[in-house]
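The values are calculated or read from the model by the stated rules, or taken from the named source; none is laboratory data. A quick note: this is a predicted structure, and the numbers were derived from the prediction, not measured. Every residue, glycine as well, gets a Cβ built from its backbone with ideal geometry; the counts of neighbours run over all protein chains shown. Side chains are part of the model used for accessible areas, which takes the heavy atoms of the whole protein and leaves out ligands, DNA and RNA. Shrake-Rupley method; radii C 1.70, N 1.55, O 1.52, S 1.80 Å.
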Amino acid sequence: MRGGCAMSEWWLFRNTRIENINEQYEIARKHLPDTTHWLGSEYNYFYIKCCDVARSVYSDSDTLKGDISPRRPVQSGDTLYVANIYVLGGTLPTIRKTLKLLQDKQIHLRIPSLEYDDKDDTHDHELLSGTLSQIYNYRQAQPIEQLPGHRKASGRPKRRISLMGLQRAEFNVIEQYCLHKTTERQAMKLLTGKLPDKGPVTRYIFRKLVDEYREMFPGSVEIDADQYNV
């Protein structure tokens, strides 16, 4: 807990496709050696339930009530460090949403590997957000492009797998992964043969379910699956 209006610096750890937690340790020690301000899912962190940015940032309801939450330590005016951009999310839409959250909450973001610094006197935020938007729009346009003279080949119907269409046990698998209590490989193995259409658990389907969970529960630490029709 902090007192007064002092502003704090935090380092958020999260396994990503380009750097795992262990690789991020060395970077963190160079920039923020104070381990009491390290956030993540590791059992020895001072704040043990900060698994991602949304779960680390003070909520509006916390602020209105004046509560000091040991699970949501990052407040307006603070600085948040991450080792790479994928700590913010696994997909471009999620990353962009996270950037907007930080801007709305007036939390300064630092990404040392990109020399990213969104202080008020820089234009890093506009540059990064604009670049991500262009990449996302480009990728979205690609599937509809066809070579001249070629017809789009017919194939299997698009699989309509959604989080709320899962049975409770499978919903819990996604939840456990999002709470960093199981690995992606373990979670995908547990889902094998359990999807509604009995189809394969592709990485695309798995990431879609994970993104749906995080969209649905952006500010939750623990949830009770019994209250949902799963």
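In Å², what does the accessible area per residue of the range 163-217 work out to with a 1.4 Å probe? The partial results should precede the final answer.
On the way: 2940 Å² over 55 residues.
I get 54 Å² per residue for this part.
Can you list the residues, at least 5 places off or on another chain, whose amide H is less than 5 Å from the amide H of residue 80, using H built in the peptide plane?
For residue 80, whose amide H was placed from the backbone, the distant partners under 5 Å are 10, 108, 109, 110.
Take the residue pairs 97/189; 119/158; 100/198; 30/181; 97/181; 105/189 and return only those whose Cα atoms are more than 32 Å apart. Don't skip to the answer; put the middle values down first.
Numbers: 97/189 29 Å; 119/158 44 Å; 100/198 37 Å; 30/181 28 Å; 97/181 24 Å; 105/189 38 Å.
Beyond 32 Å: 119/158; 100/198; 105/189.
Between beta-carbons, use under 10 Å as the cut-off and find the net charge around residue 116, counting Lys and Arg +1, Asp and Glu -1. Don't skip to the answer; put the middle values down first.
Working: positive: 110; negative: 115, 117, 118, 124.
Neighbourhood net charge equals -3.
Residues with beta-carbon under 13 Å from that of residue 23, excluding residue 23: net charge, scoring Lys, Arg +1 and Asp, Glu -1? Before the final figure, lay out the partial values.
Working: positive: 14, 17, 29, 30; negative: 19, 26.
Counting the neighbours of residue 23, the net charge comes to +2.
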